[in-house]
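The values are calculated or read from the model by the stated rules, or taken from the named source; none is laboratory data. As the structure is a prediction and not an experimental result, all values here were calculated from the model. Glycine also receives a Cβ, built like all others from the backbone with ideal geometry; neighbour counts cover every protein chain displayed.
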Amino acid sequence: MKENREAPGNGSAQDQTVSGSPDTPDLDLGFTGKYTHGLDTKGRLIVPVSFREALGSKFAVCPSPDFRKIAVYPIQAWLERRNEYVALCRKDVKVRRILDMFTKYSYVDSEMDGQGRLLLPAALRQKMLGDAREVDVNGAYDHIVVQDARISEQEDASFEADFPDVYAFVSQVQREQ
């Protein structure tokens, strides 16, 4: 198993809900941060410490919303995602294929072992990660995304190419409102 390379100060799902003062509500920070980990020969992944408590003892491992990565959801968030697909089926019957694929590759009884490792289901791992041995584990607000570290680097480069001036883009969107 590769060494855990969590950067200090990144993410803080153990502080996922930050308590405010009696006059202010709690803040929901969601899952945040980016961590790089290796998969061992059995396909186990070390879940970053900052994500463990927020996931709960049982959680869902399934395809990400774009069906190109692995997502890890607390059960309630997984149910919400599934229910969104169910509702969309009523608008367009073709969404049923998406729902079927989502549930086919969803493992809702997942849990970590005593060392904080998650065994990624073989079928899902092969479909979404191929032979990747190093993965990025990223916070994605209500879930965690696991993807090949090389693809994550490509996505970072693509972001920089698509948004060379983030301030200018955000300013333009704000003016359009």
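Only residues that are touching a Cys at 6+ places or on another chain (Cβ under 8 Å) and under 28 Å from PRO48 (Cα atoms) were counted across region 87-102, and they come to 1. Listed by first and then second residue, the pairs with beta-carbon distance under 7 Å, at least 6 apart or on different chains, first residue in region 94-114 and touching a residue at least 24 places away in the same chain (Cβ under 8 Å), second of a type in the set (Lys, Arg) and exposed (fewer than 13 other Cβ atoms within 10 Å of the Cβ), are ASP109/LYS58; SER110/LYS58; GLU111/LYS58.
Annotation: GLY11 fulfils all but one of (1) assigned to a loop (DSSP other than H, G, I, E, B); (2) surrounded by 12 or more Cβ atoms within 10 Å (Cβ to Cβ); (3) at pLDDT 65 or above; the unmet one is (3). The number of residues in region 49-66 that are assigned to a loop (DSSP other than H, G, I, E, B) and under 12 Å from the mean Cα position of the chain (by Cα) comes to 3. Taking residues in region 44-68 that are in contact (Cβ under 8 Å) with a residue 12 or more places away in the chain and within 14 Å of SER110 (Cβ to Cβ), and partners anywhere that are assigned to a strand (DSSP E or B) and of a type in the set (S, T, N, Q), the pairs with Cβ atoms closer than 6 Å and at least 6 places apart or on different chains are PHE59/SER110; VAL61/SER110. State yes or no: is GLU84 within 21 Å of ALA54 (Cβ to Cβ), without any contact (Cβ under 8 Å) to a residue 40 or more places away in the chain and acidic (Asp, Glu)? Considered against the rule, which asks whether it is within 21 Å of ALA54 (Cβ to Cβ), without any contact (Cβ under 8 Å) to a residue 40 or more places away in the chain and acidic (Asp, Glu), GLU84 comes out as yes.
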